[in-house]
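Below is one structure, written out as structure tokens; comments come after it.
The values are calculated or read from the model by the stated rules, or taken from the named source; none is laboratory data. For clarity, every value in this text was computed on a predicted model and none was experimentally measured. Please note: Cβ atoms are built from the backbone with ideal geometry, for glycine as well, and neighbour counts cover all protein chains shown. Note: accessible area is taken over every heavy atom of the protein model, side chains too, but ligands, DNA and RNA are not part of it. Shrake-Rupley method; radii C 1.70, N 1.55, O 1.52, S 1.80 Å.
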Amino acid sequence: DSKDEKFLICGTKSGIIIIFSVNGKFFQLIKKLYWHSDEITSISINDNLNMFVTTAKDDLINLYLLPTFKLVRTIKVELNKTSSGKDNEVPYLNNVFLSSNPLPCITVYISQLRKFRTYTINGINIFENNENSPSELGCPIICRDLNFQEFLIYGIKDGIKIRKFPDMSIVYLIDLQKESPPLTLSLSKDNRFCYAYYSQDEIYVISREGTIMISELKQKGQ
């Protein structure tokens, strides 16, 4: 959903984008978009750009305006479909991220190839970077610092990784010595703390300075 919670944008397995307006607890269907021909895999909204972007298994990146929902750009991502990729699966676009600072750009992640690719909003491929950790990105979120530089934070098997837009270079790797990615990731409102929830009622609290604290959730009545 959008940051101001005015719109909820969903995707279907048949490739339809469905848009609802949100008014408190009420949802109203206002638009359906038919620009994809296969299952929707990811959607990203950027309120600073007044745009959102979608990806699907048809290897297309579609960029739209808000609040008109007009399609302004289609980018065809060339993937080697003869490659078996991870676990003999056909590669496709698993995640998409629309960032605005320091450069408006679209970044996709192909998990079977373990690659990030970054495009300008005009469709020019400007960066490619590898992900050497286990291929799935756990609970990815976008945040920014006081200089408006945007970062991607996501969970991996051993902990949490932070990459910088647009080149997706690694800024920080937080080793939590876990055997699986976090179940959820979230940020405090001031972006000073990252909360990583794991099973067994543990929350890791990571400060901007890299300090790690562990908080155990106590069940009511214990």
### Query
Of all residues in the stretch 12-63, how many are part of a strand (DSSP E or B), free of Cβ contacts under 8 Å to residues at least 24 places away in the same chain and either at positive phi or small (Gly, Ala, Ser) (or both)?
1
### Residues of the stretch 49-67 satisfying the condition of being more than 15 Å from Ile16 (Cβ to Cβ) and of a type in the set (S, T, N, Q)
Asn50
### Query
Across the stretch 142-198, which residue is modelled with the highest pLDDT among those that are part of a loop (DSSP other than H, G, I, E, B) and of a type in the set (Phe, Trp, Tyr)?
Phe165
### Query
Mind checking which residues of the stretch 40-77 are over 11 Å from Val108 (Cβ atoms), of a type in the set (Asp, Glu) and more than 15 Å from the chain's Cα centre (by Cα)?
Asp58
### Message
Condition first: without any contact (Cβ under 8 Å) to a residue 24 or more places away in the chain, farther than 13 Å from Met213 by Cα and open to solvent by 50 Å² or more (accessible area, probe 1.4 Å). Now tell me which residues in the stretch 185-200 satisfy that.
### Response
Lys189, Asp190, Arg192, Ser199, Gln200
### Task
Take Arg144 and decide whether it is buried (at least 18 other Cβ atoms within 10 Å of the Cβ) and basic (Lys, Arg).
no
### Task
Give the residues of the stretch 201-211 that are among the β-branched types (Val, Ile, Thr) and either open to solvent by 70 Å² or more (accessible area, probe 1.4 Å) or not in a strand (DSSP E or B) (or both), sorted by residue number.
Thr211
### Summary
Gly138 meets each of (1) at pLDDT below 90; (2) crowded, with 19+ Cβ neighbours inside 10 Å; (3) among the small types (Gly, Ala, Ser) with one exception, condition (1)
## Note on the structure
Residue hits (the stretch 153-184; more than 18 Å from the chain's Cα centre (by Cα), crowded, with 18+ Cβ neighbours inside 10 Å and among the charged types (D, E, K, R)) are Lys178
